[in-house]
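First the structure, in the form of structure tokens, and then the observations on it.
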Amino acid sequence: MYEACTQQPYDRVFLELGPFPIYWYGVLIMLGALIGLIMATREGKRLNLHKDFFVDLLVYAIPAAIVGARLYYVAFEFESYNSLIEVIDIRQGGLAIHGALIASVLVAYFYTKIKNVSFWKVTDIAAPSILFGQMLGRWGNFMNQEAYGGPISQSAYKNFHQYIPDWIMNNMCVDGLYHHPTFLYESMWSLLGIVLLLVLRYKVNPRRAVIFLTYVMWYSVGRFFIEGMRTDSLYLVGDLRVAQLISILLILGCLYVLYYRRKHGYDNVLYDGTPLDQHGNPKPQNKQKSKKNTNKKKKK
């Protein structure tokens, strides 16, 4: 038996400017991008990146992410569209986060090459910001009443879901039944991931690329399990969900990159830019300069 309900969904519209509605989804996505930009800019400044670096990068990355998210979704739902206009129209949803990530990472790769900046340095800095944007973006799914799971059993509701705030569960009332708030599960998983990445950044100072690859693996693990609960998944063949397959491939890919970089000595720099010797110990820096300065002072 499932837990019944009668609540009506919240209004998806944040503000109406004449005939043009502004949806909560878009507002929360842009708010996540803004806060993420502030986070990345401050950390980039600490690590000697130009203050406008991430602003300039987002000018290219955001449009690419939207296009990538739409193309990814359409590629697996192509038979649902009858014209190019329907493909372009994103007002009714149809954006896939994996497509957005792939497109934006590609843009970042080429942008860092043009600017002669380490790609891994930039992605390590941006990783917590990206995850923050994803966390906030899931609340846009909440306002749209989408990205939810199957119906909640009465026993599950009594043991767990009744303790979730009513204002959340009320919008998970779909067709007379409460549904699993998978958007909430993923949002909380993302929050834990942000904490993990910040601990790595400020307490561990790992080798370069570790933070970004940890982000990808963390998100992929959570997405794999949460995706299995959702009712709006994209399917590849039969019951094989696209997001779960991509998550597995991303985890394996990240592990291989970590192994490859270590084996070939490409991870000889720490997150904060400190170079490492062949034994993995930080190289002494500026000692000769400091000695020269000391000698000059003595001569004076």
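Since every read-out is calculated from the coordinates, none of them should be taken as a lab result. Predicted model, so just to flag it, every value in this text is computed and none were measured. Please note: Cβ atoms are built from the backbone with ideal geometry, for glycine as well, and neighbour counts cover all protein chains shown.
What label, among (1) 1.22; (2) 0.92; (3) 1.06, belongs to Rg/Rh (Cα atoms, Kirkwood Rh) computed from the structure on display?
Identified label for the calculated read-out: (3).
Mark the label point 7 Å from the Cα of Phe160 along Cα→Cβ and return the residues of region 172-190 whose backbone N is within less than 19 Å of it.
172-174, 177-190
Using only Cα positions of region 190-260, each an equal point scatterer, no hydration layer, compute I(q)/I(0) via Debye at q = 0.12, 0.23 Å⁻¹ and quote the log10 values to two decimals.
For region 190-260, the Cα-only Debye profile gives -0.38, -0.98.
Where is the GNM fluctuation largest for the chain (alpha-carbon springs, 10 angstrom cutoff): Leu136, Leu58, Leu17?
For the chain, modelled as a Gaussian network with Cα springs under 10 Å, the answer is Leu17.
Using the Cα centre of the chain as the reference point, and only Cβ charges (+1 on K/R, -1 on D/E), how large is the resulting charge dipole? Debye, rounded to the nearest 20.
Numbers: 32 positive and 21 negative charges, 729 e Å.
Using Cβ point charges on Lys, Arg, Asp and Glu, the chain gives about 3500 debye.
Between Asp232 and Leu15, with labels modelled 7 Å along Cα→Cβ, what's the label distance in nm to one decimal, could you check?
Result for the modelled spin labels: 2.4 nm.
Ranking Ile97, Ile66 by Cβ neighbours within 10 Å, fewest first, what do you get? Numbers along the way, then the final one.
Details: Ile97 21, Ile66 17.
By the 10 Å Cβ count, ascending: Ile66, Ile97.
Which residues does a label at Val174 reach in region 93-127, if reach means a backbone N under 18 Å from a point 7 Å past the Cα toward the Cβ?
From region 93-127, the list is 93-97.
Are there DSSP H segments in the chain that both extend 24 Å or more along their axis (alpha-carbon positions) and score a mean Kyte-Doolittle hydropathy of at least -0.5? List them, or say none. Provide the component values of the computation, followed by the final result.
Values: long enough: 24-46 (33 Å, 0.84); 53-76 (34 Å, 1.70); 97-115 (26 Å, 1.17); 119-143 (35 Å, 0.46); 182-199 (26 Å, 1.78); 210-227 (25 Å, 1.24); 242-263 (31 Å, 1.25).
Membrane-span-like by this criterion, though nothing is claimed about a membrane: 24-46, 53-76, 97-115, 119-143, 182-199, 210-227, 242-263.
For a quick protection proxy, order the peptides 123-133, 184-194 by their average other-Cβ count within 10 Å, most packed first. Before the final figure, lay out the partial values.
Numbers: 123-133: 24.7, 184-194: 18.9.
Highest mean packing first, the order is 123-133, 184-194.
Order these peptides, 278-284, 253-259, by their mean beta-carbon neighbour count within 10 angstrom, highest first. Intermediate values should be presented prior to the final figure.
On the way: 278-284: 9.3, 253-259: 14.3.
Peptide ranking by packing, descending: 253-259, 278-284.
Which residues among region 96-122 fall inside the zone where the amide N is under 19 Å from a point 7 Å beyond the Cα of Glu77, along Cα→Cβ?
Flagged as within label range: 96-103.
Sorted by average packing, counted as other Cβ atoms within 10 angstrom per residue and highest first, what order do 79-85, 157-163 take? Numbers along the way, then the final one.
Values: 79-85: 9.0, 157-163: 13.0.
Highest-to-lowest ranking by the protection proxy: 157-163, 79-85.
Evaluate the distance, in nm, between pseudo-label points positioned 7 Å from the Cα of Ile22 and of Leu255 along their respective Cα→Cβ axes.
4.6 nm
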